[in-house]
1. Connecting C-alpha atoms closer than 10 Å in a GNM of the chain, tell me which of A54, A37, A19 has the biggest fluctuation.
2. Remind me, relative contact order of the chain in percent, using alpha carbon pairs under 8 angstrom and six or more residues apart?
3. Suppose all protein chains stay in the model; what accessible area per residue would a 1.4 Å probe give for the chain, in Å²?
4. Net charge within 13 Å of P52 by Cβ-Cβ distance, Lys/Arg positive one each and Asp/Glu negative one each, not counting P52 itself?
5. Quick one: helix 2-11 against the long Cα principal axis of the chain, what's the angle to the nearest 10°, folded into 0 to 90?
6. For A5 and V72 in one chain, what is 0.36 nm times their gap in residues minus the Cα-Cα distance, to one decimal in nm?
7. Leaving out ligands, DNA and RNA, and with a 1.4 Å probe, what % of the accessible surface on the chain is carbon or sulfur?
8. Please calculate the 1.4 Å probe accessible area of E3, with all protein chains present, and give it to the nearest 10 Å².
Amino acid sequence: LDELAGVVALLDRPGVRLATLTGPGGVGKTRLALRAAESLTAHYPGGVWFVPFAAVPDPTFVVSAIADRLAVRTVG
């Protein structure tokens, strides 16, 4: 898949630690993200996380969704 190779190449670049996949529902964003994460687990000894945003009701809650998934406490 060209899309998978592109996402993996992006995340394999130095300094890139996050990618956001966007598009209409049903085009395969989740499947692509999970396959990319699986492909890169060996490159990230600290771990790879998938943070689903489907249930996030408002963009202002994106940071808290990421923090919740990573078990990071936020202040403020």
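The values are calculated or read from the model by the stated rules, or taken from the named source; none is laboratory data. Please read these numbers as outputs of a predicted model, since none were measured by experiment. Here the Cβ positions follow ideal geometry from the backbone for every residue, glycine too, while neighbour counts run over all protein chains shown. Surface accessibility is based on the protein's heavy atoms, side chains included, excluding ligands, DNA and RNA. Shrake-Rupley method; radii C 1.70, N 1.55, O 1.52, S 1.80 Å.
1. Top of the fluctuation ranking is A54.
2. Values: 39 pairs, mean separation 15.6, N = 76.
Result for the chain is 21 percent.
3. On the way: 6040 Å² over 76 residues.
Averaged over the residues of the chain, the accessible area is 80 Å².
4. Numbers: positive: K29, R31, R69; negative: D68.
Every neighbour counted, the sum reads +2.
5. That helix lies at roughly 60 degrees to the long axis.
6. On the way: separation 67, 0.36 × 67 = 24.12 nm, distance 3.00 nm.
Going from the current span to full extension adds 21.1 nm.
7. Values: 3550 of 6040 Å².
For the chain, the apolar C and S fraction of the accessible surface comes to 59 percent.
8. The value for E3 is about 110 Å².
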